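For reference, the structure discussed in these notes is given below.
The values are calculated or read from the model by the stated rules, or taken from the named source; none is laboratory data. What you see is a predicted model; the values in this text were computed from it and never measured. Note: ideal-geometry Cβ built from the backbone for every residue, glycine included; neighbour counts use all protein chains shown.
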Amino acid sequence: METDADLVLAARRGSRDALGQIFDRHWPRVWRAAYSTTGERELANDAAQDAFLRAASALDRFDHRRPLEPWLVRIATNRAIDLVRARRRLVSEELADERFAFDDPLPDDELREALARLGPERRAVIALHYWLDYTTPEIADVLDLPLGTVNSRLARALGDLRQQLEARNV
Amino acid sequence: MSDEMERRLRETGEQLPAPYESDTLAARTRFVEGATPAPRRPRRLLVAALVLAVAVASAFGVGYALASGGEKTRIVHEQQALDAGPGFLPAEGWQTTSNLAATAATAANASLGIRIDALFAGATLADSPPEALLPLHLDDASHIDASTRRLHVRVAAWDVDVRIHLDTASTAALVAAREELGRLVVPSCPDAQELQAGDPAIAVRYLLRWLPAHYTGDPAETANATATAAAGTDAARHGQAAHYCGTTVAERTVEVDVVLPRLARVSASLSQLTYFVARTSSGWTVWARAR
């Protein structure tokens, strides 16, 4: 199987097949990262697609020795956070407080509701760590944040979730 | 508790949904096409594309008319009444035109070798084609020859005759043609579903996301837009919705009233827009702008 670096180099030479392989290899996880943050398919599609389109326009400048997925996930996650914030700005004040909710049902309803109460930044850290299996140093790299910030964001997110779940079970 | 919660988080992660295949196909096409360097085109074609783009804008009410003054080209802002079709909504990669009489529209994608011609006429009781709802579907079209398909239907009060020409029936071309047919708009009545308690709020969210790309003025004017909603008989313009599409559709419609703060400084009436929004089996749709 060709490596990402091989595919990037082939894509730079104009290979549509290489582009297709890059997409097929990374789209599912990049989309998942976006969806985990937005909770909405439509916004996730926008964010993930934006990541690929930006990547397409920057392939020439991309250091092909670096892993491709974190780069795509970084763009998609940041875009997803921006979209969630923008939506909050766009809707009326009355609706701005409305909670985030996943378009698709999740089997653990309690946890889904607790996740819904987290801000997109904390939800993104949870998603990257628990759902995409990134280590905290990798998350720091992806989100371009100091490791300490990632650690504290993750700890606070877990603390919030724990508190909410305990409150429900009192 | 922490271990238990982490276990639940990981299990939840395993249950996350996957993207829909249609979304994946569309995104894949855009990525592959977008990353492939576009061939250089003669300047004459670029000028033609600009003229076509301006024609589209005018057809959808953004309103620009071209006037020739000597060798210079003048762009005149012109408010048009038409902003709900019939015609094709603008989209990247497509050249779309509508004539001012609103009897014909064309959408062409040169890089994919697709041309879609649509003719619109008032439907008559005699010789009426089969009824259809928007969006139109490529799969419903019949083959005229190897490269052309035809879809002749009645949508609300309109007789719509569409011919789809595909130079090649590649997956990318078929996906793009399907999407473009979805952007064919005709003033029509939606197959609205019954409303639920939270639907006005969802309709507002949908409308505010939809607005910047479909607003017929400067998209920057939609910045910081706010909206309120009322559903069914609670809506101030329920009667207007019923007049357009009957009481059932009106009762299943959310009226979304939008305020554009930037325009409010200039004109209160220009800053207030009202749209009728409904949920259909294929998702939310903005089916009319109230006037």
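Go over the candidates B:236, B:201, B:220, B:227 one by one and state the one that is touching an Asp or Glu at 6+ places or on another chain (Cβ under 8 Å) and in a helix (DSSP H, G or I). None of the others qualify; the one that does is B:201.
Any residue at all in region B:217-240 that's crowded, with 20+ Cβ neighbours inside 10 Å and modelled with pLDDT under 80? For region B:217-240, residues crowded, with 20+ Cβ neighbours inside 10 Å and modelled with pLDDT under 80: absent. Among the residues of region B:136-178, those that are out of contact with any Lys or Arg (no Cβ under 6 Å at 6 or more places or on another chain), assigned to a loop (DSSP other than H, G, I, E, B) and surrounded by 17 or more Cβ atoms within 10 Å (Cβ to Cβ) comprise B:136, B:156.
Condition test on residue B:195, is it crowded, with 18+ Cβ neighbours inside 10 Å and touching a helix residue (DSSP H, G or I) at 6+ places or on another chain (Cβ under 9 Å)? It is true that residue B:195 is crowded, with 18+ Cβ neighbours inside 10 Å and touching a helix residue (DSSP H, G or I) at 6+ places or on another chain (Cβ under 9 Å). Each residue in region B:217-248 was checked for being hydrophobic (A, V, I, L, M, F, W, C), over 22 Å from residue B:195 (Cα atoms) and either away from every other protein chain (no Cβ under 13 Å) or in contact with a Gly (Cβ under 9 Å, 6 or more places away or on another chain) (or both), and 1 of them qualify.
A count restricted to region A:1-11 and to residues that are in contact with a His (Cβ under 8 Å, 6 or more places away or on another chain) and charged (D, E, K, R) stands at 1.
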